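Undergrad: My questions all concern the structure below.
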Amino acid sequence: MAQQRDYYQMLGVAETATTDEIKKAFRRLAKQHHPDRNPNKPQAAERFKEINEAHDVPSDPEKRRKYDQLRRYGAFAGTGGGPGGWRGPTPGEAPGGADFDLSDLGSFGGLGDLFSSIFGRRGGATREPDIEEIETTVSIQFRAAALGGKVPITLTMSEVCPTCGGKGAAPGATISTCPECKGRGTISFGQGGFAVNRPCPVCRGKGTVPSQRCGTCQGSGEVRVEKRINVTIPPGTDEGTKVRLKGQGPKGQGDVVVEIRIEPDRFFRRDGLDVICVVPINLAQAMLGSRIKVKTLDGKRVVLKVPSGTQHGQKFRIPGQGIEKNGRRGDQYVEVHVEIPEHLTTEQQDAIRAFAERTGLKY
């Protein structure tokens, strides 16, 4: 009997791959081998089953931990074994070649319990299909991240077909038992006690097939729609923050995970809960002092006193005008940049020379 294939090899990832890397590999392979995209390739359905099986365990942290423990025993094809290169019996075989079930693994230090806990059953109990989770990225303005608010996004996702109500059958069509899964809605694949149940690719887990498919959804029971969702951005949101929207996924199930990217602002930059802005002043304002109006995060303007003798790059603090988060609020810092005239008339140059001579400035 053939060996059970190694899940990491089936997905084309390293055994040290992150959960995100495993998900990306699974989605890429699932799209490539989905039966709907390969109607003239019967082997695509089998490959699709294998990819689903390979994704099931490594994507679950607890199942993956136990699976990796089994790999160290050499229970899967292509993995190392114990002392002397022992790799354990071929799945579905005893060391002598006889069939065995999960209970026979008890003599190998409780491996039977490990396999049962990984695959979630003894004797092939049906596993509920995974609920799809959507991940997306949205770019928001600096002020939206600092002050919080709502940002609309539009996602393409699956919804129940309004024509057939999710049955996949055309109006008036007869519905019969699926010939592939015999009405179970699932198919079993793997070897012996290692068999895993997955939704049937022919009936998509329904257990039945219609005599005529729904013309709207082509028998899938679902349609792709564009859904508009408002994402609530908490005040003080940081770059890379992920916001989870419960129950906003396909068909009202699963979650939508939104990763926040923050666009740079032309006026403000952030330092923790403080914000910093640069304000230009002229030479006379720096030398003689002045009062200038400065814009704050909330769009208001405050008057800032610039003392005489202010130097280029000097910073002034406006208390309480920074970012508020978790009951704390930062300040706003104004960095002044003294602008020097680039072109002077002859009369202006003479005036500057006279000033320099009177004050002892070298030039």
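Undergrad: Would you please name the trypsin sites (Lys or Arg not before Pro) within region 276-363 that are DSSP coil residues with at most 10 other C-beta atoms within 10 Å of their C-beta?
TA: Numbers: sites: 291, 293, 295, 300, 301, 305, 315, 317, 325, 328, 329, 353, 358, 362; in loops: 300, 362.
Here the sparse-neighbourhood loop sites are 300, 362.
Undergrad: Continuing with the same structure: Want the number for residue 228 to residue 153: 0.36 nm per residue separation, take away the alpha-carbon distance, what's left? Could you put the intermediate results ahead of the total?
TA: Working: separation 75, 0.36 × 75 = 27.00 nm, distance 0.57 nm.
Full-extension gain reported as 26.4 nm.
Undergrad: How big, on average over all directions, is the shadow cast by the Cα convex hull of region 207-320, in nm²?
TA: Values: hull surface 46.7 nm².
Approximately 11.7 nm², given one-decimal rounding.
Undergrad: Continuing with this model, one more query. Express in nm, to one decimal, how much length is gained between residue 361 and residue 312 on full extension, taking 0.36 nm for each residue of separation and deducting their alpha carbon distance. Could you put the intermediate results ahead of the total?
TA: On the way: separation 49, 0.36 × 49 = 17.64 nm, distance 1.78 nm.
Fully extending the segment from residue 361 to residue 312 adds 15.9 nm.
Undergrad: Sticking with this structure for a sec: Of 255, 350, which has the most accessible area with a 1.4 Å probe, and how do the rest follow in descending order? Working shown, then result.
TA: Working: 255 25, 350 80 Å².
Heavy-atom accessible area, descending, gives 350, 255.
Undergrad: Which whole-percent values make up P(r) of region 148-250 when all C-alpha to C-alpha distances are grouped in 10 Å steps starting at zero?
TA: With a bin width of 10 Å, the distribution comes to 14, 29, 23, 20, 13, 2.
Undergrad: Continuing with the same structure: Would you mind working out the accessible area per residue for region 264-363, using a 1.4 Å probe, and quoting it in Å²?
TA: Details: 7050 Å² over 100 residues.
That works out to 71 Å² per residue.
Undergrad: Now, a different point. Could you compute the FRET efficiency for residue 263 and residue 216, with r as their C-beta to C-beta distance and R0 at 41 Å, rounded to 0.05? Kindly include the intermediate steps, with their values, before the conclusion.
TA: Working: r = 39 Å, r/R0 = 0.96.
Once the sixth-power term is evaluated, E becomes 0.55.
Undergrad: Determine, from the Cβ-Cβ distance of residue 37 and residue 17 and an R0 of 30 Å, the FRET efficiency 1/(1 + (r/R0)^6), rounded to the nearest 0.05. Mind showing how you got there, number by number?
TA: Values: r = 25 Å, r/R0 = 0.83.
Plugging the Cβ-Cβ distance into 1/(1 + (r/R0)^6) gives 0.75.
Undergrad: If I take R0 = 35 Å and measure r between the Cβ atoms of residue 274 and residue 243 in this structure, what FRET efficiency does the formula 1/(1 + (r/R0)^6) give, to the nearest 0.05? Walk me through the numbers on the way to the answer.
TA: Working: r = 24 Å, r/R0 = 0.68.
With R0 = 35 Å, the Cβ-Cβ based efficiency is 0.90.
Undergrad: Oh, and also: Using the structure shown, select from 23/251; 24/251; 167/242; 182/227; 41/242; 300/325 the pairs with a Cα to Cα distance greater than 28 angstrom.
TA: Numbers: 23/251 21 Å; 24/251 22 Å; 167/242 35 Å; 182/227 36 Å; 41/242 39 Å; 300/325 20 Å.
The answer is 167/242; 182/227; 41/242.
The values are calculated or read from the model by the stated rules, or taken from the named source; none is laboratory data. If you're wondering where the values come from, they're calculated on a predicted model, not measured in any experiment. Backbone-built Cβ (ideal geometry, glycine too); neighbour counts: all protein chains shown. These accessible areas exclude ligands, DNA and RNA; they are computed on the full protein's heavy atoms, side chains included. Shrake-Rupley method; radii C 1.70, N 1.55, O 1.52, S 1.80 Å.
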